[in-house]
1. Take the residues of segment 76-132 that are touching a Gly at 6+ places or on another chain (Cβ under 9 Å) and polar (S, T, N, Q): which is nearest to PHE149 (Cα to Cα)?
2. Specify the residue that is farthest from the chain's Cα centre (by Cα); the eligible residues are those in segment 79-114 that are modelled with pLDDT of 95 or more and among the β-branched types (Val, Ile, Thr).
3. Limited to segment 2-58, what total is found for residues that are in contact (Cβ under 8 Å) with a residue 40 or more places away in the chain and among the aromatic types (Phe, Trp, Tyr)?
4. What residue, of PHE73, PHE34, is over 16 Å from VAL141 (Cα atoms), modelled with pLDDT of 95 or more and in contact with a His (Cβ under 8 Å, 6 or more places away or on another chain)?
5. Name the pairs whose Cβ atoms lie under 6 Å apart, with the first residue in segment 59-77 and under 12 Å from PHE20 (Cβ atoms), the second of a type in the set (A, V, I, L, M, F, W, C) and not in a helix (DSSP H, G or I), and 6 or more positions between them or separate chains?
6. Any residue in segment 24-32 that is assigned to a loop (DSSP other than H, G, I, E, B) and farther than 19 Å from ARG147 by Cα?
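The values are calculated or read from the model by the stated rules, or taken from the named source; none is laboratory data. These figures come from a predicted structure and were not determined experimentally. Glycine also receives a Cβ, built like all others from the backbone with ideal geometry; neighbour counts cover every protein chain displayed.
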Amino acid sequence: MTDFAAFAYPWIKAGHIVSFVAWMAGMFYLPRLFVYHAERAKPGSELDQTFQVMELKLMKLIMGPAMISTWVFGLVLISFGVVDWSQPWPWIKAVAVLAMTGMQGWLSKRRKDFAAGSNSRSGRQFRIANEVPTVLLLVIVVAVVVRPF
């Protein structure tokens, strides 16, 4: 590792962790907003409009940038050559991160359904969806920290 890389590595790692924490905060909160939106707001009502503003800002101002910066910092860390791809843990993490990215895409589509007044999912379905990021978080953290495989 060059002197610059040795200096930059902990800063990039810190940026990756902070970005991931922000991304996860949004991944936990947005489905919960959808629960209340589905259960309490009639399409076109003032409450519906309030939820739509909250959901849009959460996606565009927090979740989107946090997801992108998580990916960028993570790819930069990989470029330092510190990941041993012959072990299972980075592959498990990679699959879980791809699944988390897919989950964000699914949530984005659900937000657009609410905005169009065409949500067809119940609060219960969003409660179940709210568990997906938790499971993925556990997989990612255990894969990286414990490396059980």
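1. Checked segment 76-132; the qualifying residue nearest to PHE149 (Cα to Cα) is GLN104.
2. Among residues in segment 79-114 that are modelled with pLDDT of 95 or more and among the β-branched types (Val, Ile, Thr), the one farthest from the chain's Cα centre (by Cα) is ILE92.
3. Qualifying residue count for the region: 7.
4. Selected residue: PHE73, the only one of PHE73, PHE34 that is over 16 Å from VAL141 (Cα atoms), modelled with pLDDT of 95 or more and in contact with a His (Cβ under 8 Å, 6 or more places away or on another chain).
5. Between residues of segment 59-77 that are under 12 Å from PHE20 (Cβ atoms) and residues that are of a type in the set (A, V, I, L, M, F, W, C) and not in a helix (DSSP H, G or I), there is no close pair.
6. Step one: of segment 24-32, the residues assigned to a loop (DSSP other than H, G, I, E, B) are none.
No - not one qualifying residue is present in segment 24-32.
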